[in-house]
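Reviewing the structure listed below.
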């Protein structure tokens, strides 16, 4: 399919001069684009470039302020998602729009026109999911499913509506390389069946492999159209960002040579809710000057591991050792005082309080450390603001006002701020969970560079990430976390993405693939 | 009618208002809205029902007025918390305080007036069955409504498409909105339904239980109904069980006190609360089942993006 010139018949979808304003801010500014039947069309852009806004207007959940939409040559008004579905526009969301407490069949039924019973929908979805090689149990509850399976539900829900255009919002950001390959097979088949796909992503390699056309957005405007296969990842990234992205400087990989700063010994932890994963006998060492990476699909014990390492949940005294001292029973602030810093996955609500200003968020993790943020029970807001200014300056945090609330920052900027807040305090051990999740390409590169620099300066860094590309870019050694068990760390040089990807989906013994079914 | 039958009948009478108010609140909470104003809506229903009955002489008009009062109070709550996205906890508490005060004011003229009781309806033949007959088929009309409500709400929530939609909104209103479900419309209807039920429960107090108007006559039943919903983990059948358990223990302890059993009366008075909580906690031990049934959006305001 790829590269084949499509017959330029009537476009399936044509946008002319679409604009959307929020006050004086132009989220979308005069966007025009055309999609042919059977075409896989990439929509590229950084976070905040206006991709989501555009897509929401196509799916009817937002209304454009200006511009026109033509569907198969007809001028249309898409008033709500039901109208979009009626036209033949289907959507697979990035942050899955599924209902955790409901079954697969119930979830699918909710997006179907009324009149079909849940049982009927269940039978139909079983049939269609099997025919596309995406097997699903209609009676399983969503929260028992893996992320990959949840995406399957989204896709099957979309397919059952017999769409002519499928919008996919960053479909591979949560998948292992193998799962992504399987998805591409399905997408190519859909394209061959004549369904058009609008594919939103910032993973350039997969856009090049999959898409026939690409439209690039920046600051709400179309800045380029191209055939991705004719470009290089560098040239695409340049169009997206509008400047050169500096690649993370390569360095000599370290293998278990430095002094051991943190040791984890037979760490066991029971998941604390109904759906959490238990950790089983997790043991590893963090060496001075090295970056260790832990790969794994979300929900395999990453948050439990992070909670245990940071001291949000305490464990046996001997399970966690920092610089020779048993700290398993100590809380997070005591561990911080020993030079360990922790950056959690959820930026808003966990790493930062959304409604608090940045300087107040500085106080939250750094009170009690040596910056003199408090004088007895009294806070020194002046000092907090100075620390905030230093972080903003050093890490290039872009913000709208002097001391805005954490929630008003974009994902990338807030992550830079949170990272800066922790690492500015002379950290010797840095534990970070999903450092670049939902962060734009430019900021992600900065964040990775910061982690590399810290390791160069002698910190022991642990990066927990679902993004294999990220781990292969910066980690010295990689292990995988699967069902709460950690594999041995292997030097990055002596493994590859396929091997790690397989470990992520198989149990530690490497025998059976785990499937959740109820 | 024997003494056992008489006691069993009073249990049903004590349990009915709790059951109706709780089943209404269950629907509200399943849609993701927490209305702490049950007590207020209930007492407004009681005064509205009694006033309408007193003015017209027809207790059925009282029933309609009780339902309307509750629904109206709920509409005010809905406007504040849904359209204006005000804090649900604070608004609900205010509604309770307002309801207690306003009902006192509205009811001044009716204090001490005798009312007409809503007559029991005996279903022919069936009510002649010994013991079970009068219990199940010789009751007041609101009792029948309460049972119909439990069955109807269970059927609606778990067997119909709008019921599924309502549950989905309570589970994740952002996803529901993304699918094009009118979140606020559903929530308005749920809140109004909950108010109508609370009003009817109040009407039961002033038209059936004790057909007079006394200030604050709801006497904390709205709060018990709220607690029942949570401890029953948002399941209608368990609300039914909880309401009857509470009714049985309250009536039982009254009889125990009357018989002069040597247990301090404070302890006996506390017994219904303790027993209901213990039993419902024990049956909610399945964490997974409880999580599935807990509306994840409970108490969270939803403002659709435009």
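The values are calculated or read from the model by the stated rules, or taken from the named source; none is laboratory data. Being a predicted model, the structure only gives us computed values, none of them experimental. No Cβ is skipped: glycine too gets one built from the backbone with ideal geometry, and neighbour counts run over all protein chains shown.
Of the residues that make up the stretch A:161-179, is at least one assigned to a helix (DSSP H, G or I) and within 14 Å of chain B (Cβ to nearest Cβ)? Within the stretch A:161-179 (the criterion being assigned to a helix (DSSP H, G or I) and within 14 Å of chain B (Cβ to nearest Cβ)), the answer is no, since none of the residues qualifies. Residues in the stretch A:113-136 that are buried (at least 18 other Cβ atoms within 10 Å of the Cβ) and part of a loop (DSSP other than H, G, I, E, B) were compared, and the one that is nearest to the other protein chains (Cβ to nearest Cβ) is A:136. When each of A:48, A:67 is tested for being within 29 Å of the chain's Cα centre (by Cα) and in contact (Cβ under 8 Å) with a residue 24 or more places away in the chain, the lone residue that passes is A:48. Scanning the stretch B:178-202 for residues that are in a helix (DSSP H, G or I), within 14 Å of chain A (Cβ to nearest Cβ) and without any contact (Cβ under 8 Å) to a residue 24 or more places away in the chain returns B:178, B:185. Applying the condition of being assigned to a helix (DSSP H, G or I) and at pLDDT 85 or above to the stretch B:107-136 and asking which residue is surrounded by the most Cβ atoms within 10 Å (Cβ to Cβ) yields B:110.
The single condition among (1) touching a residue at least 24 places away in the same chain (Cβ under 8 Å); (2) within 14 Å of chain A (Cβ to nearest Cβ); (3) surrounded by fewer than 24 Cβ atoms within 10 Å (Cβ to Cβ) that residue B:173 does not meet is (3). May I ask you to list the residues in the stretch B:269-294 that are at pLDDT 85 or above, in contact with a helix residue (DSSP H, G or I) (Cβ under 7 Å, 6 or more places away or on another chain) and either farther than 17 Å from residue B:219 by Cβ or exposed (fewer than 12 other Cβ atoms within 10 Å of the Cβ) (or both)? Within the stretch B:269-294, just B:275 meets the criteria. Output the residue which, of all residues in the stretch A:310-321 that are in a helix (DSSP H, G or I) and under 31 Å from the mean Cα position of the chain (by Cα), is nearest to residue A:341 (Cα to Cα). Within the stretch A:310-321, the match that is nearest to residue A:341 (Cα to Cα) is A:310. With the condition kept exactly as written, say whether any residue in the stretch A:322-343 is in a helix (DSSP H, G or I), assigned by TED's automatic domain parsing to the domain that holds residue A:379, in contact (Cβ under 8 Å) with a residue 24 or more places away in the chain and loosely packed, with under 14 Cβ neighbours inside 10 Å. Yes: the stretch A:322-343 contains one or more residues that are in a helix (DSSP H, G or I), assigned by TED's automatic domain parsing to the domain that holds residue A:379, in contact (Cβ under 8 Å) with a residue 24 or more places away in the chain and loosely packed, with under 14 Cβ neighbours inside 10 Å.
For the stretch A:60-71, taking the residues that are closer than 12 Å to residue A:30 by Cβ and surrounded by 15 or more Cβ atoms within 10 Å (Cβ to Cβ), the one that is farthest from the other protein chains (Cβ to nearest Cβ) is identified as A:67. Out of the residues in the stretch A:72-112 that are within 11 Å of chain B (Cβ to nearest Cβ) and free of Cβ contacts under 8 Å to residues at least 12 places away in the same chain, state the one that is nearest to the chain's Cα centre (by Cα). Once the filter is applied, the top-ranked residue is A:95. Scanning the stretch B:138-149 for residues being farther than 16 Å from residue B:244 by Cα and surrounded by fewer than 19 Cβ atoms within 10 Å (Cβ to Cβ) gives a total of 1. Within the set A:47, A:139, the sole residue that is more than 11 Å from chain B (Cβ to nearest Cβ), surrounded by fewer than 18 Cβ atoms within 10 Å (Cβ to Cβ) and not in a helix (DSSP H, G or I) turns out to be A:139. Filtering the stretch B:26-54 to residues that are outside any helix (DSSP H, G or I) and within 15 Å of the chain's Cα centre (by Cα) leaves B:34, B:35, B:36, B:37. If you go through the stretch A:9-35 and keep only what is part of a loop (DSSP other than H, G, I, E, B) and surrounded by 18 or more Cβ atoms within 10 Å (Cβ to Cβ), you end up with A:11, A:12.
Within the stretch B:145-167, can one find any residue that is in contact with a strand residue (DSSP E or B) (Cβ under 9 Å, 6 or more places away or on another chain) and within 14 Å of chain A (Cβ to nearest Cβ)? Among the residues of the stretch B:145-167, not one is in contact with a strand residue (DSSP E or B) (Cβ under 9 Å, 6 or more places away or on another chain) and within 14 Å of chain A (Cβ to nearest Cβ), which makes the answer no.
Taking into account only those residues within the stretch B:282-302 that are without any contact (Cβ under 8 Å) to a residue 24 or more places away in the chain and within 18 Å of residue B:242 (Cβ to Cβ), which is nearest to the other protein chains (Cβ to nearest Cβ)? Only one residue tops the list, namely B:286.
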